[in-house]
Amino acid sequence: MFGGGRGELVLDDASPEPGVDIFIQPRGKRLKDVDLLSGGEKALAAIAFIFGLFLLRPTPFCLLDEVDSALDDANIGRFANVLKELSGQSQFILISHNKGTMEIADALYGITMENPGVSKVVSVKLN
């Protein structure tokens, strides 16, 4: 997702509340705790982790809710490329407002409210 780099999960059992520390090193940068990354880098790290788990144990479908909201255009392209690659083995359902993400979709579904209190589904299949 970063075009290189690495990540580490480190078990933290020394603190009063044990957990897992996440360290990310995007290409060309130093290794940092995930808390020190920008919003876009955190989003990419989380997406990379989810997709990494997905590669180990694929499922028939995956639902992602606005995981791309913090990504800029260049990172949307990387996200879209990985998503296209993984869509060969599973179906992805995405909730997104990002035009770059919607461009790779096979079908789009939208909800509109023409009359107050009455929702309507609008769908478009893309070929």
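The values are calculated or read from the model by the stated rules, or taken from the named source; none is laboratory data. In this text, all values refer to a predicted model and were calculated from it rather than measured experimentally. Cβ placement follows ideal geometry from the backbone for every residue including glycine, while neighbour counts extend to all protein chains displayed.
Data table
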| read-out | value |
| --- | --- |
| Checking residue 75 against (1) modelled with pLDDT of 90 or more; (2) within 11 Å of the chain's Cα centre (by Cα), the condition it does not meet | (1) |
| So residue 55, is it outside any strand (DSSP E or B) and farther than 25 Å from residue 12 by Cα | yes |
| Which numbered condition residue 83 fails, given (1) in a helix (DSSP H, G or I); (2) farther than 30 Å from residue 124 by Cα; (3) out of contact with any helix residue (DSSP H, G or I) (no Cβ under 7 Å at 6 or more places or on another chain) | (2) |
| Search result, residues across the range 13-27 that are more than 22 Å from the chain's Cα centre (by Cα) and either in a loop (DSSP other than H, G, I, E, B) or surrounded by 11 or more Cβ atoms within 10 Å (Cβ to Cβ) (or both) | 13, 14, 15, 16, 17, 18 |
| Unmet criterion (only one of (1) touching a helix residue (DSSP H, G or I) at 6+ places or on another chain (Cβ under 7 Å); (2) within 22 Å of residue 2 (Cα to Cα); (3) of a type outside the set (Lys, Arg); (4) not in a helix (DSSP H, G or I)) for residue 69 | (1) |
| Any hit, the range 102-121, residues being assigned to a helix (DSSP H, G or I) and at pLDDT 90 or above | yes |
